[in-house]
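Notes for the one structure printed next.
The values are calculated or read from the model by the stated rules, or taken from the named source; none is laboratory data. The model shown is predicted, which means the values in this text are computed figures rather than measured ones. Please note: Cβ atoms are built from the backbone with ideal geometry, for glycine as well, and neighbour counts cover all protein chains shown. Just the protein is used for accessible areas: all its heavy atoms, side chains included, with ligands, DNA and RNA removed. Shrake-Rupley method; radii C 1.70, N 1.55, O 1.52, S 1.80 Å.
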Amino acid sequence: YDNLQEYGLPYPEAIFDLDFYRRNPKPFQRLCKELWPGNFAPSPTHYFFKLLHDKGKLRRVFTQNIDSLETASGLPADLVVAAHGNFDGAHRVTDTGHPGAAVPLEEVRQAALHGGDAEWDALFEAHGGPVKPSIVFF
C-alpha cells in the first residue's frame with residue numbers, strides 16, 4: 001500500500017475494494033500489469049513444494065499470496081488452495097459480489113500486459129461487465 005499514491009485513490013485499500021472497482025476499475029487495471037505473474041520468479045520454497053509433489057509427499061499447498069508462483073514453479077493448480085485467490089483464472093464481476101462467468105485468462109492477460117483502457121473496455125463489452133483476475137477483493 002506504500003506505492004499507491006499515483007493511482008489517486010480515496011484510500012489505499014480502494015485498489016482492492018469491489019464496490020470501488022465496479023465504479024472505477026482503472027486504478028486496479030493499471031496495477032494489474034505490475035502484479036501479473038511473470039514479473040517475479042518462484043522462490044526456492046516454491047520449487048521445494050514442486051519437489052515434494054514430484055516425490056509423492058505433498059497433498060496440498062495453502063497460500064495467502066495472489067502471485068500464482070506456486071503454479072509458475074510447476075505445481076499443479078489443483079493442489080494449490082489460494083485463500084485470497086490468484087491469477088490462475090479470471091471472471092466477470094457481478095452486482096451480487098459473487099464471481100460471474102469465467103473469462104478466458106489469456107484475454108485478461110493481454111489487456112493487463114499489452115493493452116490500455118481500450119482493451120479493458122473491450123473486455124467489458126465482450127463479457128457484459130467488468131472483468132478481473134480471480135483474486136479476492138474486499
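Things worth noting here:
- Percent of Cα-Cα distances greater than 18 Å, calculated over region 46-99: 36 percent
- Principal-axis analysis of the Cα atoms of the chain puts helix 117-127 at an angle of about 80° to the longest axis.
- Selection from Gly8, Pro37, Leu123, by position along the positive dipole direction of the chain (Cβ): Pro37
- Residue-averaged [θ]222 nm for the chain, counting only DSSP H segments that reach four residues, each worth -39500 (n - 2.57): -10500 deg cm²/dmol
- Restricting the calculation to alpha carbons of the chain gives Rg and Dmax of 15.8, 49 angstrom.
- Accessible-area composition of the chain, carbon plus sulfur, in percent [1.4 Å probe]: 54 percent
- Nearest-ten-degree value, helix 26-35 long axis tilted from longest Cα axis of the chain: 20 degrees
- Highest mean packing first, where packing is the average number of other Cβ atoms within 10 Å per residue, the peptides 38-51, 83-96 line up as 83-96, 38-51.
- Net dipole in debye of region 9-131 [+1 Lys, Arg Cβ; -1 Asp, Glu Cβ; about Cα centre; nearest 20]: 500 debye
- Ranked order, Leu4, Leu35 - accessible area, probe 1.4 Å, largest first: Leu35, Leu4
- Degrees separating the helix 44-54 axis from the principal Cα axis of the chain, which is the longest one: 60 degrees
- Both radii were evaluated on the Cα set of region 69-138; the Rg over Rh quotient, with Rh as the Kirkwood radius, amounts to 0.99.
- Rounded accessible area of Glu106 (nearest 10 Å², 1.4 Å probe): 90 Å²
- The residues of the chain present an accessible area of 58 Å² per residue when probed at 1.4 Å with all protein chains retained.
- Dipole orientation for the chain: of the candidates Gly100, Gly89, Pro25, Gly89 has the Cα lying most toward the positive pole (charges on Cβ; Lys, Arg +1; Asp, Glu -1).
- Relative to its Kirkwood radius, the Cα radius of gyration of region 1-61 gives an Rg/Rh of 1.21.
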